[in-house]
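The values are calculated or read from the model by the stated rules, or taken from the named source; none is laboratory data. These numbers come from a predicted model, not from an experiment. All Cβ positions, even for glycine, are placed from backbone atoms using ideal geometry, and neighbour counts span all protein chains on display. In case anyone asks, the SASA skips ligands and DNA or RNA and just uses the protein heavy atoms, side chains included. Shrake-Rupley method; radii C 1.70, N 1.55, O 1.52, S 1.80 Å.
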Amino acid sequence: MRDKRTHKPIMPTLAVLAAALGLGGCGNNVGDKQATATPTMFAITASEAGKQLHLSAPKSVAAGLVTVELTNVGKAFHEAQLIRLEPGHTPEDALKVIAAEGSPSPAWIHVAGGTGPAPPGGKRSATQRLRAGNYIVYDAPFQNEGKGLKFGLASFKVEGEADGGGELPKAVAKIDAYEYGFRVSGLTVGKNTIEFSNTGTEPHHVIAVPYKPGATLAEVRKAFTRRGGAQPPLDFTNVAYTARIEGGTKQITEIDLAKPGKYALLCFVSDRKGGPPHEAQGMIAESTVR
């Protein structure tokens, strides 16, 4: 269930999508067993056909260590949120869950990582483990809000049995999400390759938003606890965020931090059982980017 607060211009769409995709479940999609192996490349190309976002993805990929690479050849923003479906459920079933803002997440649907948004002409990647099953890729970045663009969707299968081998690439920057906070180190201006870990039990993502001049963490927290009150003192024109991942999993992914200074780190995903988004439960942290 999503928090009914709205923080325009971009907060309604981002909160709705995060709450709707607050999905959990057993069986990790991302692991950390160490061995030598080369990740399998899973290349996704994103574009537009009129007002329709379009994703082109392979029909299948081998289970195990995978690098999801999103290439944006279009003129809008695109993202690649992976979602795993239990047998007997369809992409249409998943879309109904995504559209049902206020409902708890059913047990058959699981967030599974992927990439955050790539700008027009840009790329994003994430290296992680995928378990066997049926998946969809969902593309609805909030940066396109107000442009009348329809979400993109693609389906694929992860086949075979993962052997647990393969070592995730190393990353200097690290963000660890848990209930309900973040531990952060090593973020710098520009494109960051980060180890994004979820050491909690609920699904999480991280949204990094720079402060407006003179803003403080106390003011940010206060804005998010008010219903229909003042807008958060944050610069949402320079937001960056990751895909959602399950508790107990991690990935090596990318976020682009546009300018130096203090950032708010937020999570808008809700618990699997429903309830307010995590930022309303205090999942707001501060990080200084140099």
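Using the Karplus relation 6.51 cos²θ - 1.76 cosθ + 1.60 with θ = phi - 60°, the per-residue 3J(HN,Hα) values for the stretch 77-91 come to 6, 9, 9, 9, 7, 8, 9, 9, 10, 5, x, x, 10, 10, x Hz, with x marking Gly and Pro.
Report D for the stretch 188-252 in µm² per second (integer): Stokes-Einstein, Kirkwood Rh on Cα pairs, 20 °C, 1.002 mPa s.
For the chosen part, D equals 156 µm²/s.
Between amide H atoms placed 1.01 Å from N, distances below 5 Å from Lys262 occur with Tyr211, Val289, all of them 5 or more places distant or on a separate chain.
For the stretch 74-107, trypsin sites (Lys or Arg not before Pro) are listed when DSSP marks them as loop and at most 16 other Cβ atoms sit within 10 Å of their Cβ; the list is Lys75. At a probe radius of 1.4 angstrom, the accessible area of the chain per residue rounds to 41 square angstrom. Ignoring lysines fewer than eight residues from Lys222 along the same chain, the ones with Cα atoms less than 28 angstrom from its Cα are Lys4, Lys8, Lys174, Lys212, Lys259, Lys262, Lys273. The C-alpha atoms of the chain define a longest principal axis, and helix 11-20 lies at about 40 degrees to it. For the options Leu82, Leu53, Leu95, a Gaussian network treatment of the chain with springs between C-alpha atoms closer than 10 Å singles out Leu95 as fluctuating the most. Using a cutoff of 8 angstrom between alpha carbon atoms and counting only pairs six or more residues apart, the relative contact order for the chain works out to 25 percent. Hey, if you drop one equal point scatterer on each alpha-carbon of the chain and run the Debye formula without solvent, what base-10 log of I(q)/I(0) do you get at q = 0.10, 0.11 Å⁻¹? So the normalised log intensities are -0.47, -0.58. The alpha-carbon of Lys147 sits under 19 angstrom from the alpha-carbons of these aspartates and glutamates, leaving out residues fewer than 8 places away in its chain: Glu48, Glu79, Asp139. Using every pair of separate Cα atoms, the Kirkwood estimate puts the hydrodynamic radius of the stretch 29-147 at 15.2 angstrom.
Given a Förster distance of 25 angstrom, what is the FRET efficiency for Thr38 paired with Thr188, based on the Cβ-Cβ distance and rounded to 0.05?
Efficiency computed from Cβ-Cβ geometry: 0.35.
Expressed as a whole percent, the accessible area of the chain that falls on carbon and sulfur atoms is 54 (1.4 Å probe).
Sequentially through the stretch 275-290, phi angles give Karplus couplings (6.51, -1.76, 1.60; θ = phi - 60°) of x, x, x, 5, 4, 6, 9, x, 7, 9, 10, 10, 9, 9, 9, 10 Hz, Gly and Pro residues having no value and appearing as x.
For the chain, a Gaussian network of Cα nodes joined below 10 Å ranks Arg221, Arg272, Arg244 by mean-square fluctuation, and the top entry is Arg221. Note on the stretch 72-120: the alpha carbon radius of gyration divided by the globular reference 2.2 N^0.38 Å gives 1.36. Once you divide the Cα radius of gyration of the stretch 140-186 by 2.2 N^0.38 Å, the number left is 1.89. Sequentially through the stretch 172-183, phi angles give Karplus couplings (6.51, -1.76, 1.60; θ = phi - 60°) of 6, 7, 9, 10, 10, 9, 7, 8, 10, x, 9, 10 Hz, Gly and Pro residues having no value and appearing as x. Per residue, the convex hull spanned by the Cα atoms of the stretch 145-290 amounts to 151 cubic angstrom.
Largest GNM mean-square fluctuation among Gln251, Gln52, Gln143, using the chain with Cα springs under 10 Å: Gln52. In a simple Cβ point-charge model (Lys, Arg +1; Asp, Glu -1; nothing else charged), the chain has a dipole of about 780 debye relative to its Cα centre.
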